[in-house]
Amino acid sequence: MTPSVDRPAVGTGKPTAAVAEAPVPVAEVEDLDVEFRLRRGPLGGTVPLRAVRGIDLAIGERETLGLVGESGSGKSTTGRALLRLIEPTGGRIRLDGQDITALRGEALRGVRRKMQMVFQDPYSSLDPAMVVAESIAEPLDTHLALTRAQRTARLAELMEQVGLSRRHLNRYPYEFSGGQRQRIAIARAVAVHPRLVVCDEAVSALDVSTQNQILNLLEDIQAGSGISYLFIAHDLAVVRHIAHRVAVMYLGEIVETGPTDRLFDRPAHPYTEALLSAVPLPSPRRQRERERIVLTGEVPDAADPPPGCSFHTRCPYVMQRCRVEVPAETPVEGGGTVRCHLRG
Amino acid sequence: MTPASTGAPAPSTAGGAAGGTDPVLVVEDLEVRFATDGGWLTVLDGVSFSVGRGETVGIVGESGSGKTVTSLSVLGLLPPHSSRITRGSVRLDGVELVGMARRKLEAVRGDDISMIFQEPMTSLNPAFKVGDQIAEVVRRHRGGSWRSATARAVEVLDEVGIPDAARRARSFPHEFSGGMRQRVMIAMAMACRPKVIIADEPTTALDVTIQAQVLDLMRTMSREHGTAVVFVTHDLGVVADICDRAVVMYAGQVVEQAVVDDLYHRPRHPYTAALMTAMPQLTGRSGRLATIPGRTPAPGSMPAGCRFHPRCAHAVDRCVDGDADGRVEIRELAGGRSSRCLRVHELTLEGTE
Amino acid sequence: MTAQSAAPVSPDEQEALDTPELSAGARFRRRFRRQYPALLALGWLVLVVLTALCAPLLATHPPLEQNLAGVLQRPGQGGHLLGTDDLGRDVYTRALYAGRISLVAAAQAVAVAVALGVVPGLVAGYAGRRVDAVIMRITDGVMSFPPLILAIAFVGVLGPSLTNAMFVIGVIFAPRFVRLVRGSVLSVRQETFIEASRSIGTPTHRVIRRHVVPNVLSPLIVQISLAAAMAMLAEASLSFLGLGVQPPDASWGSMIERGFRYTAAAPWLTVFPGLLIALTVLAFNVLGDGLRDSLGREERRAA
C-alpha cells in the first residue's frame, strides 16, 4: 500500500480545497477487502467475487464523504462492510480510533450505537407491521435505558427534528409518502446520537423537490450535531451539493478521491471525467455544445476483472502499459489522489 | 419529392417541428378516471399534446403528475376494471385508438406503436430466448416464416448494437446486463418499424454511462427510421439531451408545452421554473437547495383554480378563482408554446440558460 | 410482448394523513366487512360452534337413546326432525353431538400441526443453510408418505381412537406449516427493515420476535383456517373407515359410515351429515380466502 495522502479535510460546512491536517478520523477503513462466493454453473460450483479490493477511506468529524460509482462498483458493499453488516475478508475498520474489525456479539452491538444507516427504499426499510413510534424507538430500546417519560419526550423531539409531527407517532408506515418515510428513517438513524451515518442512495427514490428537502434536513442535522456522513450515491449532482470530499469507485477499487470542487471541476481520472460527462445537463444548449465522452462497452464482470488498470477496457486514453501494470496511487494537485498511468 | 432515389436510406420526413404540421400522434382532451374506495377519481384532466413525425417529445413530471397514466392510456394499457377513459381521443396517424376493439388494438400495438418500459427484465419473458421473443412479435404483425422472422430479429439486434447478434439472439434475458437488456427492448420495440415509440423512464434504472449510450442509440434509431418518440421521464437533464419538445405535467394536467430550447431558456409556468431551480447543479454548489413547498395534490383533493397555486411563489388571489369555471385553461402563446398560468403575461421566470 | 406489466399507477404523494388513525385491527375489520362470502362463512361456523356447545339444550332426544321399534323413520316422522337411524336414534340430536366431536377433532389436529410446525419453520427460515437443509429434508420425508395410509398405519399401531387419529393428522399437516412459515420468513428476511434493525444493533431474538413473527402471522392464520377444513375431511375419512371415533359416540364422518349401509332405504342418514361436513369445510375454505384478502400487509400503498 502506498502511504495514504488522502486525509479527511475537516469539514466546516463548506467544502474545503486544502487538505488540512486532521485529528483521528471518525471512521477509517484500511486495505478493506470483501469477497463473496458466487454460485455459478449447473453443478453449483462457486467462484470468488472480490466486490471490494483493498480500499482505504477516512471520514473526518462533521465531514460528508461522497462515494460514487456505477452499479457493481462495490460502493454499497463498502458502506455495509464499514458498518460490519457484511463480513470483510481483509483489512481494518476503525471507528473513533477503535478497531472494530473483529468485534462480535455484545461488543459489536454496543458500537452499532455509534454508526447507523439510512437505506434507499423508504418503502421496505420500515416494518409495515409497526407504528412509527415503535420503529424510531427500536435503537433507543436497544441502546439506552430510558424511562417511559424520557422515551416519549425523545420520540417527540426526534419527530420534530425531522419535520414531522408527534401526532403521527402512532401511524403505520403505509400512511406516509416516500419523503416522509425517509424522514422517519433518518429520525431512527440519529436517535441514539451516532458519530457516523451511512446514507445508501438515501434520496434516489424521491422526486426532486422531496429529495432537496431531505438533503437540506441531512445538512441541518450535521450542522447541529457534528455528525459525519458516508453518502453513497449514483447521482453526481446530488453528491456535488452535499459532499465535502468524494471518492470514485470502479470495479471494487477507488480510482480517484479529492475535495468535491477539485474533483468535479478538474477530474484527474478518465473514468471520473467520463462519469461527469455522461450526466445530461438540464440545458439543451449547454448539453449540445459540451464535449462528451461516451464510454463504449459495459462494466466488466466483477468476478473476472481485467488485469492492469481495471478501467483499461473502456478507457479512451488506454496505453499499452495500462493493460499490464496496476497504476499506483498518486497525489493530485488541488487535493486528493488518483490511480492512473496518465498522471503517474 | 426528390426524384431518382440513390438506394441509400431515404431521409425520413422527420423534423415535424412543434408537431403542428403533420402530427403522427394526437392526444386530445384526454380524461382518465380511476376507481378508488371513494368512487371514481379523475386522474388525467384534459391532457392534449401532439407528436410530429420523427419528433421526440418529452413528458416531464414528478410522481403523481399523471405522466405514466398518460403513456399507458395512449396504448390502451390501463387496468381495465379499475380505470376508464371518460373523454377525449388518441389518434395514431388519423386512426382513433380510444374505444377501439381489443383485438384491433392488439394488432396496432407492437406494430404501429410500441412501448419501452423502465425495467426490461419484467417486460421480457425470462423463459424464452430474446431472438425468439422478437421473432414472435415480427410474425404476429408481419406474418411470414419463422426463418425470416428470426433473421429479422438478428437484424434488429445488430442494429441496436448487440455485438455478435446472431449468437446473442439465442441467449435468455438474464444473460444480458441491464444496459444490453434495454437494447434488446429497443430492438423489440423497433422490430416492426413503428411510427411511434412510447418510452417510460427507459434509462432511469441504468447507470449514467450506460444511459448516455442508450440515449444515443434512441436518438440514432429515431433519426434513421423517422420514428417519433414519446419520452416519459422525471429527469430534466434527459429531456434537454434527447427531446425536441417537452410537455410538462402537474397534478394530472399539462401545465406547459414548448420546444426545449425555449422551455429551458424561459419557462412560462412557475412549476416548470420551480423544477428547474430545484435541480442540483453538476457545475457548482449554490448554497441551500431550493425546494417546492408542500406536495403534489392527490386526485380527489385538487385545489380550486390553478392546481399549483398552494405551492406557487407567484400565486395571487385570482389564481384561486381561476378562469370563469373555477379552472385554469391552457393559454396558447407565441412560438407554438402554451402555459396553464393565469399570470403568464405578467411573469418573467428564470430558466437554466 | 412489449405490452405487459402495466404497473399499478398510484400517486405517491397523497395527503395520507388526512385519514383518521386506524389501528391494524380496525383496518382489518374495515376490509373484512366487505368480504361478503367470508362473512357468510364465518356466520355458518359460528352457528355450528354454538349449536355444538348448546347441543344438550337443542337436542330433542337423548343422543344414545335407542328405539328399536322406530328404526329408519323418515324425517318428520314420529317427532324426529331428521328421522332416525338403524337403531332408532334421533338423527338431528346425533348430528348436534357429532358436530362437537368433529369440531374438537379438527381443532386438535390443527393445534398439533401448529405446535409441531411453527418453530421449526421459523428456525429453518432464519438460521443458516445447514439447519434449514436438515429441517426441510425431514419435512419432505413426512410429506412423501400418502397421508391416509400413514394415518391408518399409525392408528393400527396405537389403537383406534379419535385422539390418536387426530394426533396423526396433526403430524401429517405439520410440514405444511413448516413450509409456509419458512417461506414467509425467507421473504420477510429479504426486506430492508430486517437489515435496518440489525444495523441498529437489535439482538437476533428481538428481530425475530418483533419483526419476523408479526409479519408471518397473517399467512399463518389463513393456513390455520384452510387446515381446519382439511382436518375435518380427514377425520370424516378416518371415521368412515372405522379408525376414528368409536361407537356409540359419533362424528359426522362416522354417521355417514353407519348410514352408508342404508343409502337406498334411508338416504337421510348420509345426506344430512354429508351436507354438514361439506358446508363446514366450504366455510373454513371461504373464510381462509377472505382472511387472506383482508390480512394482506399494508405494502407500498393500499390503493
Of all residues in region A:168-189 being open to solvent by 10 Å² or more (accessible area, probe 1.4 Å), out of contact with any Pro (no Cβ under 9 Å at 6 or more places or on another chain) and not charged (D, E, K, R), the one that is farthest from the other protein chains (Cβ to nearest Cβ)
A:169
For region A:244-291, which positions are away from chain B (no Cβ under 12 Å) and of a type in the set (D, E, K, R)?
A:245, A:253, A:256, A:262, A:266, A:291
With criteria (1) closer than 22 Å to residue C:198 by Cβ; (2) open to solvent by less than 30 Å² (accessible area, probe 1.4 Å); (3) at the interface with chain C (Cβ under 8 Å from one of its Cβ atoms), residue A:110 comes up short on (2)
Considering only residues that are touching a Ser or Thr at 6+ places or on another chain (Cβ under 6 Å) and either open to solvent by less than 10 Å² (accessible area, probe 1.4 Å) or part of a strand (DSSP E or B) (or both), which ones fall in region B:277-308?
B:278, B:292
Return yes when residue B:115 is open to solvent by less than 10 Å² (accessible area, probe 1.4 Å), within 19 Å of residue B:232 (Cα to Cα) and either away from chain C (no Cβ under 12 Å) or out of contact with any Gly (no Cβ under 6 Å at 6 or more places or on another chain) (or both) and no when it is not.
yes
Would you confirm whether or not region C:249-263 contains a residue that is within 14 Å of another protein chain (Cβ to nearest Cβ) and of a type outside the set (A, V, I, L, M, F, W, C)?
no
Among the residues of region B:64-106 satisfying the criterion of being open to solvent by less than 10 Å² (accessible area, probe 1.4 Å) and part of a helix (DSSP H, G or I), which is farthest from the other protein chains (Cβ to nearest Cβ)?
B:74
Among B:56, B:70, which is under 18 Å from residue B:193 (Cβ atoms) and in contact (Cβ under 8 Å) with a residue 60 or more places away in the chain?
B:56
Quick one: in region B:276-294, which of the residues that are facing another protein chain (nearest Cβ under 7 Å) and touching a residue at least 40 places away in the same chain (Cβ under 8 Å) is nearest to residue A:213 (Cα to Cα)?
B:279
Pair list, Cβ under 8 Å, 6 or more apart: region A:144-171 residue among the polar types (S, T, N, Q), other residue buried (at least 16 other Cβ atoms within 10 Å of the Cβ)
A:161/A:187; A:161/A:190; A:161/A:221; A:165/A:159; A:170/A:131; A:170/A:132; A:170/A:133
Quick check on residue A:332: is it surrounded by 20 or more Cβ atoms within 10 Å (Cβ to Cβ), touching a residue at least 24 places away in the same chain (Cβ under 8 Å) and within 8 Å of another protein chain (Cβ to nearest Cβ)?
no
Only one of C:257, C:235 that is part of a helix (DSSP H, G or I), in contact with a Gly (Cβ under 9 Å, 6 or more places away or on another chain), among the charged types (D, E, K, R) and open to solvent by less than 30 Å² (accessible area, probe 1.4 Å)
C:235
Considering only region A:48-90, how many residues are within 30 Å of residue A:224 (Cβ to Cβ) and of a type in the set (Ser, Thr, Tyr)?
3
Please determine, by comparing only the residues of region C:144-171 that are crowded, with 17+ Cβ neighbours inside 10 Å and free of Cβ contacts under 8 Å to residues at least 40 places away in the same chain, which one is farthest from residue C:111 (Cα to Cα).
C:154
Mind listing whichever residues of region B:193-219 are within 17 Å of the chain's Cα centre (by Cα) and open to solvent by 10 Å² or more (accessible area, probe 1.4 Å)?
B:195, B:200, B:201, B:204, B:205, B:211, B:216, B:217, B:218, B:219
State which residue pairs qualify: first residue in contact (Cβ under 8 Å) with a residue 24 or more places away in the chain and closer than 16 Å to residue B:70 by Cα and inside region B:35-52, second residue among the hydroxyl-bearing types (Ser, Thr, Tyr) and open to solvent by less than 10 Å² (accessible area, probe 1.4 Å) in any location, beta carbons under 6 Å apart, and separation of 6 or more residues or different chains.
B:47/B:70
Would you confirm, using the coordinates I've provided, whether residue C:139 is open to solvent by 40 Å² or more (accessible area, probe 1.4 Å), outside any loop (DSSP other than H, G, I, E, B) and among the polar types (S, T, N, Q)?
no
Out of the residues in region A:113-130 that are farther than 30 Å from residue C:25 by Cβ and open to solvent by 20 Å² or more (accessible area, probe 1.4 Å), which is nearest to the other protein chains (Cβ to nearest Cβ)?
A:113
Among the helices (runs of 4 or more DSSP H) lying completely within region B:202-266, list those that include at least 3 residues that are at the interface with another protein chain (Cβ under 9 Å from one of its Cβ atoms) and small (Gly, Ala, Ser).
none
So is residue B:187 within 21 Å of the chain's Cα centre (by Cα), free of Cβ contacts under 8 Å to residues at least 60 places away in the same chain, within 23 Å of residue B:226 (Cα to Cα) and buried (at least 22 other Cβ atoms within 10 Å of the Cβ) or not?
yes
Of the conditions (1) surrounded by fewer than 22 Cβ atoms within 10 Å (Cβ to Cβ); (2) farther than 30 Å from residue A:144 by Cα, residue C:210 clears all except one; give me its number.
(2)
Restricting to region B:167-180, and then to whatever is more than 11 Å from chain A (Cβ to nearest Cβ), open to solvent by 10 Å² or more (accessible area, probe 1.4 Å) and part of a helix (DSSP H, G or I), can you tell me which residue is nearest to residue B:112 (Cα to Cα)?
B:168
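Residue by residue, here is whether (1) exposed (fewer than 14 other Cβ atoms within 10 Å of the Cβ); (2) out of contact with any helix residue (DSSP H, G or I) (no Cβ under 7 Å at 6 or more places or on another chain); (3) over 24 Å from residue C:265 (Cβ atoms) holds:
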| residue | (1), (2), (3) |
| --- | --- |
| C:34 | yes, yes, yes |
| C:47 | yes, yes, yes |
| C:54 | yes, yes, yes |
| C:59 | no, no, yes |
| C:94 | no, no, no |
| C:103 | no, no, yes |
| C:130 | yes, yes, yes |
Can you name the condition, by its number, that residue B:58 falls short on among (1) part of a loop (DSSP other than H, G, I, E, B); (2) buried (at least 23 other Cβ atoms within 10 Å of the Cβ); (3) of a type in the set (Gly, Ala, Ser)?
(1)
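The values are calculated or read from the model by the stated rules, or taken from the named source; none is laboratory data. Predicted model only: the values in this text are computed from it and were never measured. Note: ideal-geometry Cβ built from the backbone for every residue, glycine included; neighbour counts use all protein chains shown. What goes into the accessible areas is simple: the full protein's heavy atoms, side chains included, and nothing from ligands, DNA or RNA. Shrake-Rupley method; radii C 1.70, N 1.55, O 1.52, S 1.80 Å.
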